[in-house]
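The values are calculated or read from the model by the stated rules, or taken from the named source; none is laboratory data. All values reported here derive from a predicted model rather than from experimental measurement. As a convention, Cβ positions derive from the backbone with ideal geometry for all residues, glycine included, and neighbour counts pool all protein chains shown. Each accessible area value is taken on the protein alone, full model and side chains, heavy atoms only, with ligands, DNA and RNA left out. Shrake-Rupley method; radii C 1.70, N 1.55, O 1.52, S 1.80 Å.
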Amino acid sequence: MQIVTSPVELQKICLKWRCEGIKVGIVPTMGYFHEGHKNLMRIAREKADKLIVSLFVNPTQFGENEDLDAYPSNHEGDAADAKALGADILFIPEPGSMYADDHATWVEVPQLAQGLCSATRPTHFRGVSTVVTKLLILTLPEYAVFGEKDWQQLAIIRRLTRDLNLPTTIINGPLIREKDGLAMSSRNAYLTQEEREQASHINAGIRAGAEAFEAGERNVEKLKDVIRAHWKQHLPLGKEDYLEFIDPDSIEPVSTITDKARCAVAVYVGKARLLDNWPFYL
Ligand code: AMP
């Protein structure tokens, strides 16, 4: 496995591969790998001739007063994992190499970057969309794999890839969970033991809602009441950022589930802001 730190060098290699008909798969990440990341790498490895894993804590997707400087990092461990999973290139851009000082071009998908994470992180998806577009242009991959943990992000990336005619197929990787249901996240490292124990109830609450749905409840406000009642009892350290039921493709909120909806949540637990989502499909 080659470690590449220069975007220009990465582009050179990938243009050559593309000309030779070699199919690239990319897994963009911010590092501190867990099973969720590793599973995306396995999916890409299986589909593509060459696997590129990128590791870049993208400053433009963090707001002021967010955890950019505290974001957990383990480059050595990550490199070992990527190598073990068959990566051909681990791309760790040198600081400053991804954005020129006078960088002024942004990719935005405002229709999908509304509500949910955008409500508390208004510039987040502009940063994500821009960096993902840059990575896809640099590497011109056949496949790019993103996790379903970040449902809104995945919808935005699918849309920008289509709208900008990028020559890449976006593949969903399933949301990987801890045994107790907590969605794996690099940010779980911020949790104290007590917070970690309670954090499993983010998902347990959603599943209580899913049970009510299975029993016939279709009214979203009633389903939210069930979820919030569970959280109130079992997750006193949690503070809801949002709890929404959305159309899985348009990300628009729904009030009654007539076909399929996705329950999407963000909950603050201690220093961490944790995401989860779950299908409520008829
Ligand atoms: P991150 O390093 O958190 O920016 O995530 C990099 C990629 O891994 C994104 O496509 C995420 O959606 C995905 N990812 C993170 N956590 C999980 C998880 N628990 N299950 C599946 N994919 C995940």
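For residues that are over 20 Å from R126 (Cβ atoms), of a type outside the set (K, R) and either within 10 Å of the ligand (Cβ to nearest atom) or not assigned by TED's automatic domain parsing to the domain that holds H124 (or both), tally how many sit in region 19-42. Steps first, answer last, please.
Narrowing region 19-42 to residues over 20 Å from R126 (Cβ atoms): 19-27, 31-42.
Next cut, of a type outside the set (K, R) only: 19-22, 24-27, 31-37, 39-41.
The next check asks that each one be either within 10 Å of the ligand (Cβ to nearest atom) or not assigned by TED's automatic domain parsing to the domain that holds H124 (or both); those that pass are 27, 31-37, 39-41.
Total satisfying the criteria: 11.
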Quick check on region 168-179. Is at least one of its residues open to solvent by 40 Å² or more (accessible area, probe 1.4 Å) and among the hydrophobic types (A, V, I, L, M, F, W, C)?
yes
Filtering region 129-149 down to residues that are farther than 21 Å from R45 by Cβ and of a type outside the set (S, T, Y), which residue is nearest to the chain's Cα centre (by Cα)?
V131
Considering each of A70, A44, A82 in turn, give the residue that is modelled with pLDDT of 95 or more and either open to solvent by 10 Å² or more (accessible area, probe 1.4 Å) or not in a helix (DSSP H, G or I) (or both).
A70
For region 159-186, enumerate the residues that are free of Cβ contacts under 8 Å to residues at least 40 places away in the same chain, outside any loop (DSSP other than H, G, I, E, B) and more than 12 Å from the ligand (Cβ to nearest atom).
T161, R162, T169
Residues located in region 134-158, provided they are open to solvent by less than 20 Å² (accessible area, probe 1.4 Å), part of a helix (DSSP H, G or I) and either more than 9 Å from the ligand (Cβ to nearest atom) or of a type in the set (S, T, N, Q) (or both)
L135, L136, T139, Q152, A155, I156
Being open to solvent by 10 Å² or more (accessible area, probe 1.4 Å), touching a residue at least 60 places away in the same chain (Cβ under 8 Å), of a type in the set (V, I, T) and in a loop (DSSP other than H, G, I, E, B), is that true of even one residue in region 4-22?
yes
